[in-house]
1. Eigenvalues of the Cα gyration tensor times 5, then square-rooted: what semi-axes does that give for the stretch 211-347, in whole angstrom, largest first?
2. Beyond 12 Å, what share of the Cα-Cα pairs of the stretch 51-99 remains, rounded to the nearest whole percent?
3. Provide the gained length on full extension for the span Thr107 to Glu314, in nm with one decimal, where the gain is 0.36 nm per separating residue minus the Cα-Cα distance.
4. Quick one: Debye curve from the C-alpha atoms of the stretch 219-268, no solvent, what's log10 I(q)/I(0) at q = 0.22 Å⁻¹?
5. Of Gln317, Leu275, Ala261, which is farthest on the positive side of the dipole of the stretch 235-369, counting Cα position, with +1 on Lys and Arg Cβ, -1 on Asp and Glu Cβ, and the Cα centre as origin?
6. State whether the stretch 276-343 is rounded, prolate or oblate according to the following rule on the C-alpha gyration tensor (a ≥ b ≥ c being the square roots of its eigenvalues): a/c under 1.5 gives rounded; otherwise a/b larger than b/c gives prolate, and the remaining case gives oblate.
7. Between the stretch 341-369 and the stretch 200-251, what's the alpha-carbon centroid distance in Å?
8. Which shape class, rounded, prolate or oblate, goes with the stretch 124-168 when its Cα gyration tensor gives a ≥ b ≥ c as root eigenvalues, a/c under 1.5 marks rounded, and past that a/b bigger than b/c marks prolate?
Amino acid sequence: MDVKTKQVSFDQLISELSTRLINSEPTETYECIEEVIAAIGDYTEADRCYVFEFDDHIKHMTNTHEWVRDGHKAHIDNLQAIKIDDLPWFFKEMKENHVCIVNDVQTLPPEANAEKAEFDREDIKSVICIGMVANHKLLGFVGCDMVQKKRQWQPTDLRRLSLVADMIANTLERQRTYAELIHTQRELEKANRLLQAQVAQDGLTGIANRRAFDERITNEIQRASRHKTPLALLLIDIDHFKSYNDHYGHLQGDQALKSVADAMFDQLQRNTDFLARYGGEEFVAVISATDEQKTKDSIQQLLEAVRNLKIEHEQSQVAPYLSISIGGYLHTPTTDENTEALISRMISKADSALYRAKSDGRNRGYLDY
């Protein structure tokens with residue numbers, strides 16, 4: 001193959017590989033770069049071809065890709081995280097000129113003694129390295145080594161290697177941009193989830209708030225109507241809480257609210273259970289896939305959980321400790337019921353049962369059907 005034909009063939013191959021790199025997914029990029037350095041190694045008749053990447057501050061470099069001609073030794077495993085102090089002359093050349101061309105390693109200047117020792121260790125006789133630059137930033141370099149014999153690098157070699165360096169630099173920059181974009185998207189998703197959780201969470205007690213209840217009750221009604229299962233709604237009120245606040249102070253009142261919320265939350269641990277702060281000292285619970293006896297049991301468990309806290313309440317007219325009253329409504333929704341109207345009715349029915357529990361002396365719960 002004559003020189004002109006070989007150049008056309010190389011240009012065509014690089015064009016094809018460039019297109020592949022541009023269109024490659026991140027998982028395919030590694031394989032594409034391997035093909036590119038194999039091509040440049042073959043066309044330059046080098047013994048070894050490789051890619052090194054610098055860290056952001058160009059203080060370290062790592063061999064990330066390597067092609068080796070049959071019969072020659074690979075060195076990639078021994079060329080990881082090389083420090084600037086290990087090869088100061090080479091780092092300086094790459095940072096200042098973005099090029100390092102050595103036709104004969106034995107002619108390196110005295111200040112490149114460390115580099116000469118490394119080249120000798122790798123049996124390198126001639127080397128050429130071209131910087132990979134994208135957005136005015138040096139990302140690393142592409143290089144070729146001659147091991148069997150010395151090589152007078154030609155302008156054609158420089159041109160070919162520069163083309164490859166530009167291709168890989170643009171690919172790496174695209175990858176980094178993509179990775180940063182994915183990271184940013186994940187951080188935004190995380191922030192949005194946190195924000196949504198905060199929007200749906202009561203700031204004092206840490207349980208769900210009224211907004212979360214409005215969404216949950218709608219979903220549970222729709223699910224119960226599809227599965228034809230009963231749904232219970234409980235309204236819960238702390239007995240004589242105003243007098244508790246007046247006597248013990250709002251800080252202790254806030255702590256009491258937290259303790260009551262925690263105690264009730266611990267009793268409602270099924271996936272189908274839901275507890276929210278309804279406002280002030282009022283709470284609301286939704287219990288799905290239940291029945292009359294299970295709902296009554298849940299009411300009793302909530303009453304006992306708060307009693308067992310034994311939070312002293314000297315101003316209570318019911319008991320020496322903080323207590324709650326509960327009103328509930330149990331219903332099996334149907335698909336022909338209007339959801340908003342049903343929610344209003346369930347709340348109204350539960351509120352009536354709560355009123356009856358308060359009228360009968362508080363510290364108790366009633367369930368309506």
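1. 30, 14, 12
2. For the stretch 51-99, the fraction of Cα-Cα distances above 12 Å is 66 percent.
3. 64.9 nm
4. Rounded to two decimals, the profile gives -0.83.
5. Checked the options; the winner is Gln317.
6. Here the stretch 276-343 falls in the prolate category.
7. 14
8. It is prolate, given that a/c is not under 1.5 and a/b is the larger ratio.
The values are calculated or read from the model by the stated rules, or taken from the named source; none is laboratory data. Keep in mind the model is a prediction, meaning the values are calculated, not measured. Cβ: placed from backbone, ideal geometry, glycine included. Neighbour counts: every protein chain shown. SASA here: full protein model, heavy atoms, side chains in, ligands and nucleic acids out. Shrake-Rupley method; radii C 1.70, N 1.55, O 1.52, S 1.80 Å.
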